[in-house]
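Enquirer: Mind looking over this structure? Questions follow.
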Amino acid sequence: MPYLRVLLSFLVLIIIGISTQAKAETQAQCPVLDASDPSQRAALMDYVCYIAAPPEHPAHQATKPSELKGELEWTYANGNDLVFSHTDSVYWVTVNVVNRLDTRQLWYLKLNYPLLDHVSYWISNTSINQSIVTGDQRPFVDRNIDYRYFLFPVTLGGQESATLTLRIQSEGALNVPLSLATPDVIIEDSNHLTLAHGLFYGALAIFAIFNLLLYFSSGTVYYFHNAFYMAALAMFLFAMGGFANQYFWPNSTSLANTSIPVLIAVCTLAIILFGRSFLDITPGTVTDRLLKTEAIISLALIALSFVLPYSLSIVLNAASGIAFIAFLFVIGLMRWREGYMPAKWYALAWSGMLAGTMIYALAAFGYISDFLAREIFMQVAVGTQVLLLNYAIVQRWRLLNQKLLDVEQNARIELERKVYERTSQLRSTMRELEQANRKLAALSLNDSLTGLHNRRHMDNLLPELCAETRRTGQPLTLALIDADHFKSVNDRWGHDFGDTCLKHIADVLTRHVKRPRDVAIRFGGEEFALLLPGTDADGAYRLCQRVLEDMEASSIHTPEGEKVTLTLSAGTATLMPAENEKSLFKRADEALYAAKSNGRNQVAQSKITED
């Protein structure tokens, strides 16, 4: 028995010793971090301790470090990120820091997860006692620093130490990825992330707008659904990344949480609508009815997100979203197997996206660590999916285009057969139509009495000749010719004889206007015009003189057998530099008026000459 007592006493001493050693190790589990040492800052989680305080825990009701009881045992982080799934616990996080330098220094304790409801921060020692109270359930301005993540200043004098404490509570999952960095590192990291996010969200916006424009131009509904999906997905990731809370609703604490499940359900709805239209699901089939049911469920979840607790709606919406995406992935595989080739790229796009969504969801719900890395992975998955989806759209467009070409080819063959049957009739009709068009063209541009061109032709041709003359520098002369005392001819022998006289004048003009480009025109009554490109004023004068002499030397027999001689008066004008057709016509008309005023049967030239 004495030996037994000795053995028991020895075991008790060992147990007491182990307990004392464990207690000492527990107390020594939170070493001091030298903030001036970059290697120790990089290994921040080796210096972090925490308390998980469920509702019955004494630390759950504490609101500041001074209310924590001294006998509480802190858990050593042991270099691991603090990641917790949905819980009602309050988490206290602490780290002891010291500045081994002799000068005052500034660092920032960075919490790289924006979706935390309540975050309180204290830095304290014998001379410092500062605090910041912030989180999604408070206005964004309470963060003190305009940044999507939580940044808490750590300012220490030379050889000064302090204790950094965080109190964190949130309805959803709880990620506490901490880092301690200098301001320049914070700025550098922020710049890199800003560039990456700018490219990512900019690309999504461009693709969404491009698909929207395709929808407006073609009316194809899956372009609209794709634009809707990319816009909803971008907005969801924008909210998850903390940007929406920073820029869209910084003063709306309710939207900080509600927006996440709402946007998950909106993304799910967009995915269903796009998949149903893109995969060309036959209306009325079982698959079509299931997709419509999923769309209705998504609409209901959007509405319920505004009334259900966040912790319930986020799980419900995320689970249904992943299930619906998986269902669409299976449908894509089935359509691919059926021979619908665009479904191949659709399935490939969703294979990577489904994996990215699962990993991102696990990180967001606190089942895996390093949320920032998962966010970047999700963006890569989304970018790859967007490229593949748009490539799938191109492939679908090519398939539809080929179908249209086949239909067009069949229609062309059928049309050619029918055309061949009626070739003779059609050719005959076309010949008749061509002849009629020629007659119509001649009637519209030629004078029916004399066969000369009419005023319409002159109005069309004269501006072109003026432009050509200005361009080439070659001369252009317009001659206006009028029959003298023609009214007396009509009055004495009648209009039929007058028409005979007009035809005679046209014959005289035609004899003398021989060059291919010279044009003789009857533009009204007994008034005629000559368009003479490449002819200067002297050449036009000589031509008109010959016309007048020929006219005076010939005679016309009246119905009674009497000979009648007609005379003509002419006025010419040569185009001046920068002159338009109206001015040219006016000068030629003034010259014609001068010829008549001076006794008729003569040619008058415009008074204006080139400088």
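The values are calculated or read from the model by the stated rules, or taken from the named source; none is laboratory data. Just so we're clear, the structure is a prediction, and the values are computed from it rather than from any experiment. All Cβ positions, even for glycine, are placed from backbone atoms using ideal geometry, and neighbour counts span all protein chains on display.
Enquirer: Within the set of pairs 6 or more residues apart or between chains, which connect a residue that is among the small types (Gly, Ala, Ser) inside region 257-269 to a residue that is assigned to a helix (DSSP H, G or I) with Cβ atoms less than 7 Å apart?
Expert: 259/239; 259/244; 265/298; 265/301; 265/302; 265/317
Enquirer: Same structure again: Working only within region 44-95, note down all residues that are within 30 Å of residue 182 (Cα to Cα), free of Cβ contacts under 8 Å to residues at least 60 places away in the same chain and surrounded by fewer than 13 Cβ atoms within 10 Å (Cβ to Cβ).
Expert: Residues satisfying the conditions are 66, 78, 79.
Enquirer: Just to be sure, is residue 23 at pLDDT 60 or above and of a type in the set (Lys, Arg)?
Expert: Here the answer is no, as residue 23 does not meet what is asked.
Enquirer: Would you mind stating whether residue 135 is touching a Leu at 6+ places or on another chain (Cβ under 8 Å) and at positive phi?
Expert: yes
Enquirer: Counting just the residues of region 271-307 that are free of Cβ contacts under 8 Å to residues at least 40 places away in the same chain and in a loop (DSSP other than H, G, I, E, B), which one comes out farthest from residue 341 (Cα to Cα)?
Expert: The residue in question is 307.
Let's see how each residue does on (1) surrounded by fewer than 22 Cβ atoms within 10 Å (Cβ to Cβ); (2) outside the structural domain of residue 389 (by TED's automatic domain parsing); (3) more than 25 Å from residue 335 (Cβ to Cβ); (4) touching a helix residue (DSSP H, G or I) at 6+ places or on another chain (Cβ under 6 Å):
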residue	(1), (2), (3), (4)
272	no, no, no, yes
281	yes, no, no, yes
289	yes, no, no, no
297	yes, no, no, no
301	no, no, yes, yes
304	yes, no, yes, no
313	no, no, yes, yes
318	yes, no, yes, yes
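Enquirer: Just need a number here: residues in region 501-551 that are without any contact (Cβ under 8 Å) to a residue 60 or more places away in the chain and polar (S, T, N, Q).
Expert: 2
Enquirer: Please specify each residue of region 172-199 satisfying the condition of being surrounded by fewer than 21 Cβ atoms within 10 Å (Cβ to Cβ) and farther than 22 Å from residue 39 by Cβ.
Expert: Correct list: 190, 191, 193, 194, 195, 196, 197, 198, 199.
Enquirer: Search region 574-595 for residues being touching a residue at least 40 places away in the same chain (Cβ under 8 Å) and surrounded by fewer than 16 Cβ atoms within 10 Å (Cβ to Cβ), and hand back the single one that is nearest to residue 484 (Cα to Cα).
Expert: Checked region 574-595; the qualifying residue nearest to residue 484 (Cα to Cα) is 580.
Enquirer: Turning to a different aspect of this structure: Scan region 100-117 and give yes if some residue there is assigned to a loop (DSSP other than H, G, I, E, B) and free of Cβ contacts under 8 Å to residues at least 12 places away in the same chain, otherwise no.
Expert: no
Enquirer: In the list 164, 101, 109, 193, which residue meets the criterion of being at pLDDT below 85 and outside the structural domain of residue 257 (by TED's automatic domain parsing)?
Expert: 193
Enquirer: With 262, 266, 330 as the choices, which residue is surrounded by fewer than 16 Cβ atoms within 10 Å (Cβ to Cβ), part of a helix (DSSP H, G or I) and outside the structural domain of residue 116 (by TED's automatic domain parsing)?
Expert: Answer to the selection: 330.
Enquirer: Please enumerate the residues belonging to region 566-578 that are outside any strand (DSSP E or B), of a type in the set (A, V, I, L, M) and under 60 Å from the mean Cα position of the chain (by Cα).
Expert: 575, 576, 578
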